[in-house]
1. Using 0.36 nm per residue, how much length does the chain from residue 348 to residue 255 gain when fully extended, once their Cα-Cα distance is taken away?
2. Could you please rank 336, 114, 121, 43, placing first whichever residue has the fewest other Cβ atoms within 10 Å of its Cβ?
3. Students often forget the sequence filter, so: which aspartates and glutamates lie under 13 Å Cα-Cα from residue 109 once same-chain residues fewer than 8 apart are removed?
4. Which ordering of 217, 70, 350 is given by a fewest-first count of other beta-carbon atoms within 10 Å?
5. Would you work out if segment 204-338 is rounded, prolate or oblate? Take a ≥ b ≥ c from the square roots of the eigenvalues of the alpha-carbon gyration tensor; rounded if a/c is under 1.5, else prolate when a/b is larger than b/c, oblate otherwise.
6. Take the cross-link list 23/114; 23/168; 23/336 and give me the ones stretching past 31 Å between alpha-carbons.
7. Would you calculate the separation in nanometres between label points at residue 296 and residue 135, each defined as 7 Å from the Cα along the Cα-to-beta-carbon direction?
8. Could you calculate the FRET efficiency of residue 215 with residue 24 from 1/(1 + (r/R0)^6), where r is the beta carbon distance between them and R0 is 41 Å, rounded to 0.05?
Amino acid sequence: MTHTGPAAATPHDDPASAELSIKIERLRKMMAANNVTAVHIAKLGNLAWLLCGGDALVSFADAPVAEAVVTPQRVVVLMAEVERDRLEREAFPSGVDALYYPWFDPNAKEVLLKELLGEGKVLADTPAVAGAEVRDFWPLRVPLTESEVGRYRTLGRDAAQAFTETLKTLTPGMSEHEVAARIAFALRERGMQPALILVAADERLQRYRHPLPTANVFRERVMAVTCARRGGLYANLTRIVSAGALRDGERDAYRRLLNVESTLLNYTQHGVLARELFPEMQRAYDSAGFLGEWARHHQGGACGYETRDWVLQEGGDRMLQEGSAYAWNPSLPGLKVEDTVLLQGENLEVLTADPNWPSVEVDGRMRPAVLEP
C-alpha cells in the first residue's frame, strides 16, 4: 500500500520554509531554461541541501534512504514506509510532499518513480534514472542562503572547539585509536557526525597523507583531521600536537607551509578559475622550497554539502563562487594545515577558527600553530 502526505511540522519550519523556497526557485528556473519536466535527486549531499539540513542518512556505507523528485508543481520525497516516522518528524521542512512504498515490494518504488518523473526530459544527480541527463548540483547549491551560513558558522565553531578541548588533553602513550575515539566523542557530544577522522603519530605522520588511525602510539607528534557533519554541512579541519618544542627547522618548515596556504587563501576570490589558481599553488610550493611536494597530496577545494564538491586540479574549469565554502589542505611529510573558509564579498571568514588554539599571523590572518607545551 502506498501512502502520501505532507511532512510533519518541525521546530525549524519558518526558516526552513523560506530556505526551501529559494532552492525550489533555483531548481525551477534551471528546469525552465533547459526545458526540463522533472529533477531526480538521490545523492546524500543534494538531498540534505534540498531538505534544508534534514538527514536522509542511516549509514554512510549505504545510499540515502530517500530520494526526491522536483517538478514544476511539486516537491516529493520518496521512501520506504519504515522510514516515514523519523523523516517526517526530524528531516522534512514544510513544503514537501512524501510518498511511501512497502519495503518488501521490489517494484513499488519504480512504479511511483516512473509516475512522478513522467515522459519529459529529466535531470538527475546520479545515473540511476535511465535516459536522464546527469548534472552536478554544486552550481545550484551556491551561494549559500543566509540560514545556511548561520548553520555553517555554528558548525565550524563547534567543530573547532571540540578539537581544541580534545587535543589539549592528549599525552604521549596514547594510541591513534584512542585519539580518534576522543575526537569522535567530542564531536558526537555536540551533535556532529564524524564523517571522517584521520590520526597519525610520529613515523606514520611522516609517511602518510591519509592516515587511518591504528594502534600506533603517539610519542612526539600527532596530527588529527576531521570532516564533521551536521545539518548536511561539513566542517573540515586539521590540527597538530607536539609533545615537545618544535626544532627550529620544523618551525620554519611549518611557517613556509602556512605561506603556501596563504597563497591559496589570497586567490580564494569570486571569479577565479581553478586553472588560474593551480599554477599559483605550484609556484607557492616552489618558492617555499618544497619542490614537487604539491603532487603528493591533493590541495583541497570547494566544500559544503560534500566534504569536497570539487578538488583543485590542473586545467580545471571550476570558478570560485561568492557565498561558497572551501577547505585547502597543503601538506608536507609530518605537517599539514587546513580550515574551512567562507567566501563572502571581500571577506574570507575562517569558519573553523578557535581563539583558544594557538595561532600565528600570516598575511594579516590568524592561522593555527602547532600545539606545543
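1. On the way: separation 93, 0.36 × 93 = 33.48 nm, distance 2.03 nm.
Using 0.36 nm per residue and subtracting the Cα-Cα distance, I get 31.4 nm.
2. On the way: 336 22, 114 11, 121 15, 43 18.
Ranking 336, 114, 121, 43 by Cβ neighbours within 10 Å, fewest first, gives 114, 121, 43, 336.
3. Partners within reach: 67, 81.
4. Details: 217 15, 70 23, 350 18.
So the ranking, lowest neighbour count to highest, is 217, 350, 70.
5. Numbers: a/c = 2.17, a/b = 1.33, b/c = 1.63.
Oblate is the answer for segment 204-338, as a/c is 1.5 or above yet b/c matches or exceeds a/b.
6. Details: 23/114 24 Å; 23/168 41 Å; 23/336 36 Å.
Table pairs above 31 Å Cα-Cα are 23/168; 23/336.
7. That separation, rounded to one decimal, is 4.2 nm.
8. It comes out at approximately 0.25.
A short reminder: the numbers here are calculations on the coordinates, not readings from a lab. Please read all numbers here as calculations on a predicted model, not as lab measurements. All Cβ positions, even for glycine, are placed from backbone atoms using ideal geometry, and neighbour counts span all protein chains on display.
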